1. How far, in nm, would the chain grow between LEU86 and ALA126 when pulled straight, counting 0.36 nm per residue and subtracting the alpha carbon separation?
2. Could you give the nm distance between label points at LEU72 and TRP34, where each point is 7 Å from its Cα heading toward the beta carbon?
3. Once you place label points 7 Å from the Cα toward the Cβ at THR52 and ALA109, how far apart are they in nm?
Amino acid sequence: MISHPSRHCAVELQALPSRIGQVRRIVSAQLRYWHLDPLIDRAALGVTELLTNVHRHAQPDKTCTVEIELLLDRLMVSVRDHDPRLPVVDGASAGEDDDSLSTGGRGLAMVAAVSESWGVRPDGEAGKVVWFTLPTPSAVRAAATRPPRRTVADKPVRRFAEVEHAVDLRRPEGAPARFTVAG
């Protein structure tokens, strides 16, 4: 099943080696449609690593759903499977193993290296979702063109408590924002 709303695409499949290339092409085509060509290589690499993990490790079956979603200035890519066991980044992928030729256990480290953020969450009683985000080119461009923040040498005397809104770009959409009271 493939759905193509304007900001969301989902593909359900068996995570078999022959299908992984097809999903890469679907992700690439959708990103071209959204004019996000600069993200294609990193998104395709990340989704390949996540699907390879499902193929190698997921039980009881290899059925999964790949979703890509355009969220304001972030692209979120997620893979949902039916195995409740959460993945672990091996010591080899974290640089703790001296065997630099080892190829096992590096999938999540690769996802971490190419993405802005990544994570895993349980999905009901029998499954999980592994996800990663990439900043869209407009988000990168906006951050680069933003004027530098003004610095103040002396803090002004505060007469009233000031509420500051801290934005955490890694927080999932729909999660509550964090506010702090300065004073």
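Each reported figure results from applying straightforward, stated rules to the coordinates on display, with no laboratory input. Quick caveat, the model's predicted, so the values are computed rather than measured. Because the Cβ atoms are built from the backbone with ideal geometry, glycine has one as well, and the counts that use them run over all protein chains shown.
1. 13.3 nm
2. Here the modelled spin labels are 1.5 nm apart.
3. With each label placed 7 Å out from Cα toward Cβ, I get 1.3 nm.
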